[in-house]
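Read the structure below first, then the notes.
The values are calculated or read from the model by the stated rules, or taken from the named source; none is laboratory data. Everything numeric in this text was worked out from a predicted model, so none of it was measured. Note that we place each Cβ from the backbone using ideal geometry, even for glycine, and neighbour counts take in every protein chain shown.
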Amino acid sequence: MNPPPTLLALPAFADNYLWLLHDGLDAVVVDPGDAAPVERLLDDLGLRLAGILVTHHHPDHIGGLAALRPRLAATKGLVYAPAGEAIPGPVHTLKDGDRVELLGLGFEVMDVPGHTAGHIAYMQRDGAGAGQAPWLFCGDTLFSAGCGRLFEGTPAQMHRSLSRLAALPDRTQVCCTHEYTLANLRFAAAVEPGNTAIQEHLELCTAVRASGRPTLPSHIALERRINPFLRCSEPAVAAAARAQGATSDDPVAVFAALREWKNRFR
Ligand code: ZN
Ligand code: FE
């Protein structure tokens, strides 16, 4: 049996995380917007690059591809990317239900359109080993206590994508690509002032950030309690959305009003 892989969050730019899994020999990186932190880590730990997983086409998720490609040669590794997006090739394209095997682990592909039209997520159900929590690499679809902006999709698409992610197992570790948690929790508290789970998590994350650590990964059970965008069917969330212009309690209408509100929330 191989030892379970290690999951690392490499900070990049102002608030991105590049997620990297390695088993001591080979590594897989998700959404390398910048090559430099990945190259440094591979060199420091003496790791080969076995594959690159891409969730969507935005520059802060693919900017490091060109510089990292030569590193794939030693392992004959590939760049995996969504079929519905224009990613500089060569790439192995993926769609909903496809499966990628890397580091001896299976990564299941889910179509999660909304932030971009072809956005995909990767679900790794074995997590850190047999019986451990699964990992979800969801790009800019789901953030802790928030969600991505709707650049290319409709509220109905994004609501459906988030509902699929919310239905994943409770313990699923949510590996989002941005450290937006504190700002998202302040918005969540404005949506649901009476939700004590939001207040408690805001206090915890304030301390975590003060010590310079990531607030991620989160997990699905927590997100169901604190993330307003996963709580559109809650009466308190629907009422708050109504006060911001939602015309009905339909979850998609609630979601659309919340997303608009968040866009102008400071
Ligand atoms: Zn993006
Ligand atoms: Fe991004």
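Given the criteria more than 16 Å from ligand 2 (Cβ to nearest atom), of a type outside the set (A, V, I, L, M, F, W, C) and closer than 23 Å to Leu8 by Cβ, does Gln157 qualify?
no
State all residues of segment 9-28 that are assigned to a strand (DSSP E or B), more than 16 Å from ligand 2 (Cβ to nearest atom) and over 14 Å from the mean Cα position of the chain (by Cα); if no residue qualifies, say none.
Matches in segment 9-28: Leu21, His22, Asp26, Ala27, Val28.
Counting only residues that are within 16 Å of ligand 2 (Cβ to nearest atom) and at pLDDT below 95, give me the helices (runs of 4 or more DSSP H) lying completely in segment 35-103 with at least 2 of them.
It comes to none.
Just to be sure, is Ala190 closer than 24 Å to Asn16 by Cα and either touching a residue at least 60 places away in the same chain (Cβ under 8 Å) or not hydroxyl-bearing (Ser, Thr, Tyr) (or both)?
no
Which of the residues that make up segment 137-164 are away from ligand 1 (no atom under 16 Å from the Cβ) and within 16 Å of Asp111 (Cα to Cα)?
Answer for segment 137-164, where residues must be away from ligand 1 (no atom under 16 Å from the Cβ) and within 16 Å of Asp111 (Cα to Cα): Thr154, Pro155, Ala156, His159, Arg160, Ser163, Arg164.
Given the options Gly84, Gly51, name the one that is away from ligand 1 (no atom under 16 Å from the Cβ), without any contact (Cβ under 8 Å) to a residue 60 or more places away in the chain and within 19 Å of Cys138 (Cα to Cα).
Of Gly84, Gly51, the one residue that is away from ligand 1 (no atom under 16 Å from the Cβ), without any contact (Cβ under 8 Å) to a residue 60 or more places away in the chain and within 19 Å of Cys138 (Cα to Cα) is Gly51.
Being more than 16 Å from ligand 2 (Cβ to nearest atom) and among the hydroxyl-bearing types (Ser, Thr, Tyr) is the filter here; which residues of segment 109-147 pass it?
none
Restricting attention to segment 223-245, does a residue exist that is more than 24 Å from Ala167 (Cα to Cα) and surrounded by 15 or more Cβ atoms within 10 Å (Cβ to Cβ)?
Within segment 223-245, one or more residues are more than 24 Å from Ala167 (Cα to Cα) and surrounded by 15 or more Cβ atoms within 10 Å (Cβ to Cβ).
Quick one: is Pro113 within 13 Å of ligand 1 (Cβ to nearest atom), out of contact with any strand residue (DSSP E or B) (no Cβ under 7 Å at 6 or more places or on another chain) and not aliphatic (A, V, I, L, M)?
yes
Is one or more of the residues making up segment 105-114 in contact with a Phe, Trp or Tyr (Cβ under 9 Å, 6 or more places away or on another chain), in contact (Cβ under 8 Å) with a residue 40 or more places away in the chain, more than 16 Å from Glu223 (Cβ to Cβ) and of a type in the set (Phe, Trp, Tyr)?
Yes, some residue in segment 105-114 is in contact with a Phe, Trp or Tyr (Cβ under 9 Å, 6 or more places away or on another chain), in contact (Cβ under 8 Å) with a residue 40 or more places away in the chain, more than 16 Å from Glu223 (Cβ to Cβ) and of a type in the set (Phe, Trp, Tyr).
Has segment 35-44 got any residue that is of a type in the set (Asp, Glu) and surrounded by fewer than 14 Cβ atoms within 10 Å (Cβ to Cβ)?
Yes.
Is it the case that Gln157 is assigned to a loop (DSSP other than H, G, I, E, B), out of contact with any Asp or Glu (no Cβ under 6 Å at 6 or more places or on another chain) and of a type in the set (S, T, N, Q)?
Considered against the rule, which asks whether it is assigned to a loop (DSSP other than H, G, I, E, B), out of contact with any Asp or Glu (no Cβ under 6 Å at 6 or more places or on another chain) and of a type in the set (S, T, N, Q), Gln157 comes out as no.
Mind checking whether some residue in segment 222-230 is part of a helix (DSSP H, G or I), without any contact (Cβ under 8 Å) to a residue 60 or more places away in the chain, of a type outside the set (Lys, Arg) and out of contact with any His (no Cβ under 9 Å at 6 or more places or on another chain)?
The answer is no; no qualifying residue exists.
Can you tell me which residue among Leu150, Leu185, Leu168 is buried (at least 17 other Cβ atoms within 10 Å of the Cβ) and within 15 Å of ligand 2 (Cβ to nearest atom)?
So the residue among Leu150, Leu185, Leu168 that is buried (at least 17 other Cβ atoms within 10 Å of the Cβ) and within 15 Å of ligand 2 (Cβ to nearest atom) is Leu150.
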